[in-house]
Amino acid sequence: MDCQACGSEALSDVFRVDRVPVHSCMMVASRQQALDFPRGDLRVQFCEDCGFLQNSAFSADLIHYSTDYEETQVFSSTFRAFQTRLCQEQVAKHELQGKSALEIGCGKGEFISELCEISGGPGVGIDPGYRPERNESEAASRIEFIQDLYSPAYKHLKADYVACRHTLEHIQPVREFVQMVRDTLDEATDTVVFFELPGGERVLREMAFWDIYHEHCTYFTLGSLARLFRRCGFEILDLYTGYDDQYLMIEARPGDPDHGKRFEAEQDLDQIRADVEAFRGGIEAKLKGLSDQLDEWVQAGKKVVLWGSGSKAVSYLTTLGVTDQLQYVVDINPHKHGKFLAGSGHEIVSPEFLVEYQPDAVIVMNPIYLEEIRSDLKGMGLEPESWAV
Ligand SMILES: [Zn+2]
């Protein structure tokens with residue numbers, strides 16, 4: 001397979017894990033179903049020419065998004081504050097008052113709803129996992145929600161602002177997808193397009209293997225993302241990171257790719273090549289260190305839980321091959337309690353369960369939630385050791 005972002009054949013292997021769950025945000029009702037969950041392979045490859053990373057073993061035919069998909073982060077106050085600030089900034093920056101918005105891959109509709117609350121304008125949200133009964137926004141009546149994957153069939157949907165957040169990393173033919181978005185905009189050069197997705201730079205530098213999983217078949221850096229947008233006929237308006245540098249943000253509009261500002265972050269190829277080398281050289285030792293540490297805790301009789309039952313937890317546990325070294329994974333999203341993690345089969349429990357369980361240690365799957373979680377633990381009278389991966 002060639003590079004899905006630029007077509008180059010200059011791909012080299014970076015990281016490989018066989019037989020990982022094909023989905024990591026699916027709600028699974030029983031432990032057996034979770035253990036029997038369909039599996040695919042990870043074979044992450046790096047494009048020497050454009051700095052893009054892809055899972056060349058990705059099996060799109062095993063992926064089925066549905067309303068059982070539980071990706072929302074809005075139960076976290078840290079995340080809600082981030083989303084509110086983002087909506088306010090986007091409305092102010094692009095003067096979206098009263099304007100129309102379209103969100104491709106809107107999930108449960110939280111972002112498009114909050115954006116339309118602030119802008120006062122109408123909207124359209126498209127996502128196969130949308131759940132109308134979960135949307136209590138006053139703006140919901142101004143928004144048309146379509147439970148489907150975005151495709152050229154929806155090119156008649158015009159808007160002043162098009163958002164696509166945490167979706168591109170689930171799409172293998174990235175160039176075709178961005179080109180499709182560009183083509184549907186046609187001559188609408190005033191339409192602002194905003195994409196947000198996880199950043200590959202941090203995954204490489206921190207050897208954050210838990211952020212590499214089957215559902216995410218592509219990994220961008222700011223530079224490789226900007227190169228793709230320029231290649232597809234966009235003029236780039238802004239290029240930056242957010243959420244403690246975990247997310248990449250790009251704002252663009254249809255136009256001359258050579259027009260407008262060049263961003264320093266676009267000159268990242270040499271750095272990314274060096275980061276890929278360091279990842280290749282260090283990842284085995286990192287995995288072994290963490291496995292050994294888990295074994296030590298088990299031998300010392302310590303009760304350890306993970307906090308955060310999203311994709312990171314699924315990847316962390318399955319990549320390290322964790323089985324009964326730990327029993328539970330905690331999540332604040334009530335829709336996940338009593339369900340099981342795909343692949344590893346760990347049960348998802350509520351934070352309140354910990355009062356009874358009395359864990360000795362809590363591993364937090366995302367450092368941005370560490371303070372919020374420590375405060376939640378303290379509020380329940382618990383003070384286990386806690387740290388972020
Ligand atoms: Zn490439």
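Assorted remarks:
- Subset of segment 29-51 that is within 10 Å of the ligand (Cβ to nearest atom) and open to solvent by less than 10 Å² (accessible area, probe 1.4 Å) - its residue that is nearest to Arg16 (Cα to Cα): Phe46
- The set of residues in segment 113-126 that are in contact (Cβ under 8 Å) with a residue 40 or more places away in the chain and over 9 Å from Leu96 (Cβ atoms) is empty.
- So Asp18, is it within 16 Å of the ligand (Cβ to nearest atom), open to solvent by 20 Å² or more (accessible area, probe 1.4 Å) and part of a strand (DSSP E or B): no
- Residue match in segment 201-210 (condition: of a type outside the set (Ser, Thr, Tyr) and over 21 Å from the mean Cα position of the chain (by Cα)): no
- Pick from segment 300-313, criterion among the hydrophobic types (A, V, I, L, M, F, W, C) and within 17 Å of Ser350 (Cα to Cα), ranking: nearest to the chain's Cα centre (by Cα): Ala313
Yes/no per residue for (1) hydroxyl-bearing (Ser, Thr, Tyr); (2) over 28 Å from Phe15 (Cα atoms):
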{"position": "Ser311", "(1), (2)": "yes, no"}
{"position": "Gln325", "(1), (2)": "no, no"}
{"position": "Val329", "(1), (2)": "no, no"}
{"position": "Pro334", "(1), (2)": "no, yes"}
{"position": "His337", "(1), (2)": "no, yes"}
{"position": "His346", "(1), (2)": "no, no"}
{"position": "Met365", "(1), (2)": "no, no"}
{"position": "Leu370", "(1), (2)": "no, no"}
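- Residues satisfying the stated conditions in segment 1-15, i.e. within 11 Å of the ligand (Cβ to nearest atom) and either part of a loop (DSSP other than H, G, I, E, B) or of a type in the set (S, T, N, Q) (or both): Asp2, Cys3, Gln4, Ala5, Cys6, Gly7, Ser8, Glu9, Ala10
- Scope segment 140-196; condition free of Cβ contacts under 8 Å to residues at least 24 places away in the same chain, farther than 28 Å from Val22 by Cα and assigned to a loop (DSSP other than H, G, I, E, B); matching residues: His156
- Highlighted here are the strands (runs of 3 or more DSSP E) found entirely within segment 313-380 that include at least 1 residues which are of a type in the set (Ser, Thr, Tyr): 328-330.
- Apart from one condition, Gln54 fits all of (1) part of a loop (DSSP other than H, G, I, E, B); (2) within 16 Å of the ligand (Cβ to nearest atom); the exception is (1).
- Which listed residue is open to solvent by 20 Å² or more (accessible area, probe 1.4 Å), touching a Phe, Trp or Tyr at 6+ places or on another chain (Cβ under 7 Å) and away from the ligand (no atom under 15 Å from the Cβ), from Arg202, Arg182: Arg182
The values are calculated or read from the model by the stated rules, or taken from the named source; none is laboratory data. What you see is a predicted model; the values in this text were computed from it and never measured. Counting neighbours? That spans all protein chains shown, and the Cβs are built from the backbone with ideal geometry, glycine included. What goes into the accessible areas is simple: the full protein's heavy atoms, side chains included, and nothing from ligands, DNA or RNA. Shrake-Rupley method; radii C 1.70, N 1.55, O 1.52, S 1.80 Å.
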